[in-house]
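Nothing in this text is a laboratory measurement; each read-out follows from the coordinates by a stated rule. Note that the coordinates shown come from a computational prediction; the quantities given were computed from them, not determined experimentally. Here the Cβ positions follow ideal geometry from the backbone for every residue, glycine too, while neighbour counts run over all protein chains shown.
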Amino acid sequence: MTTGDRRVAVVGGGPAGLMAAETLAAAGIPIDIFDAMPSVGRKFLLAGRGGLNLTHSEPDAVFRSRFGPAQQALRAALDGFGAEHLRAWAAGLGIETFVGSSGRVFPTDMKAAPLLRAWLHRLRDAGVRFHARRRWTGWADDGALCFDTPTGAVRHRARATVLALGGGSWARLGSDGAWVARLQAAGAPVAPLQPSNCGFDLARPWSDFLRQRFAGQPVKPVVMAFDGRRQQGEFVLTDTGVEGSLVYAFSAALRDAIARDGRAVPTLDLLPDHDAARVAAELRRPRGSRSLATHLKSRLGLGGLKLALLHEVLGADGLADAERLAATLKALPLVLKAPRPLDEAISTAGGVRFDGLDQQLMLTVRPGVFCAGEMLDWEAPTGGYLLTASFATGRLAGQGAAAWLAAGR
């Protein structure tokens with residue numbers, strides 16, 4: 001069956017796709033949104049489960065720098081719809097926001113669901129039509145979009161198409177990366193999808209004691225150092241390695257080092273509030289009949305998981321060596337061998353390369369087809385950057401599609 005009435009199709013109902021649809025609808029263009037899941041915005045709702053971090057309040061130049069090599073490619077999108085634009089847009093939906101102590105921006109109620117409900121209501125009022133359980137499978141020979149549905153295959157003809165299919169993480173929420181092969185077959189340049197903002201496995205597994213006693217617990221405060229960069233935060237021990245916000249902040253550099261060298265070795269400063277001289281001096285103090293654990297607790301406030309990590313790395317002999325112990329307290333090495341699988345990652349790197357797109361995110365090999373969101377070749381840390389770039393590129397792709405149609409194509 002083939003449908004279509006010269007409307008524009010948006011494939012993917014996440015933030016990028018919904019923003020593309022809103023932008024096109026505002027230009028008076030009829031829109032159909034197709035999504036593989038029973039409802040749209042599922043990953044968006046999951047992102048808001050612990051408090052929806054919409055964006056970040058950093059100055060624009062600093063904000064853009066978080067996108068690393070892709071910052072120039074994303075500049076037009078982020079200049080057109082940056083953090084302040086996003087906050088104003090949310091306010092227009094009745095969702096006020098605030099800046100937290102870390103500079104991150106949240107809705108006042110911290111929730112994603114009220115924003116999504118208000119947004120979908122506005123889109124429906126604008127005439128946007130939603131089609132659930134439509135999994136895109138590529139193009140027919142005549143250019144029609146092909147979808148698998150619970151009742152069989154269908155085709156849909158559209159005047160233009162915006163693809164906003166997400167990356168390759170969270171397949172259960174619809175972002176499975178299956179589109180990669182389809183775009184490559186069409187001649188589009190696509191960088192391989194890789195995990196980003198992800199955990200890592202150790203080269204040597206944790207001992208049974210550490211894993212059984214401490215897996216799932218946070219290590220804080222600590223400073224991680226790698227590749228000339230240092231950052232304070234916290235992370236979590238897992239059965240096979242490490243994960244959590246501090247690890248995610250370094251994930252791109254760690255992943256790339258593993259790909260290049262076969263391993264990555266960040267170090268941890270377990271006592272970031274104590275300089276090396278003080279640590280060494282406290283360890284030289286006589287401890288009399290007290291155990292080392294008691295001495296470390298009383299003189300340096302160290303115990304529990306951090307002490308167990310020291311024992312894991314140094315063993316009993318190393319703990320007895322005051323010089324080695326002092327050095328390891330300030331630079332405990334973690335030997336990492338692999339990122340966790342793609343589907344476990346918060347986001348993905350890789351995707352449609354910008355050299356295969358025009359300035360308005362249209363595929364040069366497929367005129368009238370635009371790409372947006374996490375399926376583009378960029379990555380960013382957590383902190384509101386991922387969502388902001390998804391909104392911004394969705395808007396730019398929508399503007400591009402509207403301009404392409406206005407030119408009579």
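Among the residues of segment 35-51, is any touching a His at 6+ places or on another chain (Cβ under 6 Å) and within 18 Å of ARG124 (Cβ to Cβ)? Taking every residue of segment 35-51 in turn, none turns out to be touching a His at 6+ places or on another chain (Cβ under 6 Å) and within 18 Å of ARG124 (Cβ to Cβ). Any chance you could count how many residues in segment 158-176 are over 30 Å from PRO341 (Cα atoms) and in a loop (DSSP other than H, G, I, E, B)? Summing the residues that are over 30 Å from PRO341 (Cα atoms) and in a loop (DSSP other than H, G, I, E, B) in segment 158-176 gives 3.
Here is a yes/no grid of residues against (1) more than 27 Å from GLY350 (Cα to Cα); (2) of a type in the set (Lys, Arg):
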position: ILE29; (1), (2): yes, no
position: PHE44; (1), (2): no, no
position: PRO59; (1), (2): no, no
position: SER65; (1), (2): no, no
position: ARG75; (1), (2): no, yes
position: PHE81; (1), (2): no, no
position: GLY92; (1), (2): yes, no
position: PRO107; (1), (2): yes, no
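crowded, with 21+ Cβ neighbours inside 10 Å and either of a type in the set (Gly, Ala, Ser) or in contact (Cβ under 8 Å) with a residue 60 or more places away in the chain (or both), is that true of GLY187? Judged against the criteria, GLY187 is not a match. Consider segment 103-144 and keep the residues that are within 25 Å of the chain's Cα centre (by Cα) and free of Cβ contacts under 8 Å to residues at least 40 places away in the same chain. The one that is nearest to PHE34 (Cα to Cα) is ARG117. For segment 141-159, the set of residues classified as closer than 16 Å to LEU405 by Cα and surrounded by 23 or more Cβ atoms within 10 Å (Cβ to Cβ) consists of ALA158 only.
Looking at segment 23-85, the helices (runs of 4 or more DSSP H) lying wholly inside it that each contain 2 or more residues that are more than 15 Å from the chain's Cα centre (by Cα) and surrounded by fewer than 17 Cβ atoms within 10 Å (Cβ to Cβ) sit at 60-65, 75-80. Selection over segment 369-384 of residues that are surrounded by fewer than 24 Cβ atoms within 10 Å (Cβ to Cβ) and either among the hydroxyl-bearing types (Ser, Thr, Tyr) or part of a helix (DSSP H, G or I) (or both) gives a count of 1. Among residues of segment 167-179 that are surrounded by 24 or more Cβ atoms within 10 Å (Cβ to Cβ), those with a beta-carbon under 8 Å from a residue that is among the basic types (Lys, Arg) and part of a helix (DSSP H, G or I) at least six positions away or on a different chain give the pairs SER175/LYS43.
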